[in-house]
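Down below is the structure, laid out as structure tokens.
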Amino acid sequence: MFDPDRIRASFARQAMMTTFGAELLSVREGAVTIAAPILPGSTQQQGLAHGALAFGLGDSAAGYSALTLVPAEFEVVTSEMGIHYLAAGRGERLVAEGLVIRPGRRSLVTSADVYAEADGQRTHIARLTGTMVRVPA
């Protein structure tokens, strides 16, 4: 069932991730890591990473983590996702580490931790938890 190429191909079709300049850093069964630079177009009024960038990366990392565990005849969509912002998104890029907490037959509980990287240091800036639901491909 686990097919990293399937995840890479799907990610390549994500227009939002392309807009963010995001890239897949790793794809493992039940876990995906995505990174994106903090570009001028994804900052808020104080020059920090906009919360939408953190949310988008985290949601995608969690979703793709879920997709690694479902059969090829299915995709996943976000049913619900909550986020706790923990620190300012200050730095060169954000890294989102998605993980499946509990895979179910129809829905999968997921999480993602988002980090800002600056000068070789990582700061944990957000934690997302949510549910992905299987849908026909």
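Quick note: the coordinates plus some simple rules give every number you see, no bench work behind them. All values derive from a computational prediction rather than experimental measurement. A quick note on method: Cβ atoms are made from the backbone with ideal geometry, for glycine too, and the neighbour counts reach across all protein chains shown.
Compared with the dominant principal axis of the Cα atoms in the chain, helix 51-67 is inclined by about 20°. Across the range 89-103, coupling constants 3J(HN,Hα) worked out from phi with the 6.51/-1.76/1.60 Karplus curve, θ = phi - 60°, read x, 10, x, 8, 8, 10, 10, 10, 10, x, 8, 8, 8, 8, x Hz, and Gly and Pro carry x. The charge dipole of the chain, taken about its Cα centre with unit charges on the Cβ atoms of Lys, Arg (+1), Asp and Glu (-1) only, comes to about 260 debye. What the phi angles of the range 16-24 give under the Karplus curve with 6.51, -1.76 and 1.60, with θ = phi - 60°, is a coupling list of 5, 5, 5, 4, 6, x, 6, 9, 7 Hz, glycine and proline written as x.
Phi-derived couplings, Karplus 6.51 cos²θ - 1.76 cosθ + 1.60 at θ = phi - 60°, listed residue by residue for the range 45-50: 5, 9, x, 8, 4, 5 Hz, with x used for Gly and Pro.
How big, in percent, is the set of alpha carbon pairs in the chain lying more than 24 Å apart? Pairs farther apart than 24 Å: 24 percent. Of the GluC sites (Glu not before Pro) in the range 85-119, the ones in a loop by DSSP (not H, G, I, E or B) with at most 16 other beta carbons within 10 Å are Glu92.
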